[in-house]
Amino acid sequence: MSLRSQRSKDDPAYCIKVILLGDLGVGKTTFMRTYTRARPQPPTLYQGSNIPHYPASMKKTFNYQGKKVEIVLWDTAGQERYRSLTASHYRGAHACIIMYDVSSEDSFNHLPIWLESVHEYCPGANDRTVLVGSWKGSSSSRRKVELERVLGFAAHYRLPHFEVDSTANPNTVDTVLDNVVRLVLTEANENRQLSDSIKPQGTRLAPHKTEFKCSACCHS
Ligand SMILES: Nc1nc2c(ncn2[C@@H]2O[C@H](COP(=O)(O)OP(=O)(O)OP(=O)(O)O)[C@@H](O)[C@H]2O)c(=O)[nH]1
Ligand SMILES: [Mg+2]
């Protein structure tokens, strides 16, 4: 049976892989769980240890302009710092969300390093990268990174910028992903490689599992 004939009418029209990057503790996992509206639950533990193990990715499907779009959000594990992330973390990504914590100067100061990593490992996603400031329930008095600085940074690197409070206001998270999807689909109208890579035509490994092959920016 050909791959094409295995597709059903319920399959999404597009599958978009988005990776979450940013310093430890900025709120990446909370953002991912909020977006997918995953119920809070204790993490499973690595066998024989007390080390928590969170899912690396979560999916959400929704309708965008009458078409079914599947978003696959990829988290980066807490213990991985920018220095230890390698090409495999970025493979197949169509877009990147780089997060910082509005109450942490360090997380903001490290943004250029995260941008460099996108540039190095996933250059095709450079123009589909957004910057997200996470409030993490901070009151305005705890804001360390002034909005003016952030806006200057975002303008310099031409990055769309958003602020979210994942826990208190889940809609802020949805807004980010709506914009990311719009960025990807708009560019796909003009970029044949990208357009091909977001069609779920990858090798079907098993029901509900698709191996993404991104010809847009990453190589296996
Ligand atoms: N109130 C509130 N707390 C948040 C929010 N986002 C994250 N937090 C808290 O901040 C802490 C770190 O959040 P995580 O989502 O685990 O951050 P992370 O970036 O995934 O961290 P690492 O995986 O260690 O890199 C947790 O205690 C969260 O509960 C938020 O939007 N609001
Ligand atoms: Mg995490």
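The values are calculated or read from the model by the stated rules, or taken from the named source; none is laboratory data. If you're wondering where the values come from, they're calculated on a predicted model, not measured in any experiment. Note that each Cβ is placed from the backbone with ideal geometry, even for glycine, and that neighbours are counted across all protein chains shown.
For this structure, a couple of remarks:
- Residue within segment 207-218 that is modelled with pLDDT of 90 or more and in contact with a Pro (Cβ under 8 Å, 6 or more places away or on another chain) present: no
Yes/no per residue for (1) part of a loop (DSSP other than H, G, I, E, B); (2) without any contact (Cβ under 8 Å) to a residue 40 or more places away in the chain; (3) touching a Ser or Thr at 6+ places or on another chain (Cβ under 8 Å); (4) more than 16 Å from ligand 1 (Cβ to nearest atom):
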| site | (1), (2), (3), (4) |
| --- | --- |
| LEU115 | no, no, yes, yes |
| VAL145 | yes, no, yes, no |
| GLU148 | no, yes, no, yes |
| HIS156 | no, yes, no, yes |
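- Residues of segment 166-180 classified as more than 16 Å from ligand 2 (Cβ to nearest atom) and surrounded by 20 or more Cβ atoms within 10 Å (Cβ to Cβ), total: 3
- The residues of segment 39-62 that are closer than 24 Å to ALA168 by Cβ, at pLDDT below 85 and within 13 Å of ligand 2 (Cβ to nearest atom), listed by number, are PRO43, PRO52, TYR54, PRO55.
- Odd one out for ASN126, checked against (1) closer than 27 Å to PRO12 by Cβ; (2) not in a helix (DSSP H, G or I): (2)
- Residue ID - surrounded by the most Cβ atoms within 10 Å (Cβ to Cβ), chosen from residues in segment 86-113 that are free of Cβ contacts under 8 Å to residues at least 60 places away in the same chain and over 23 Å from VAL173 (Cα atoms): ILE113
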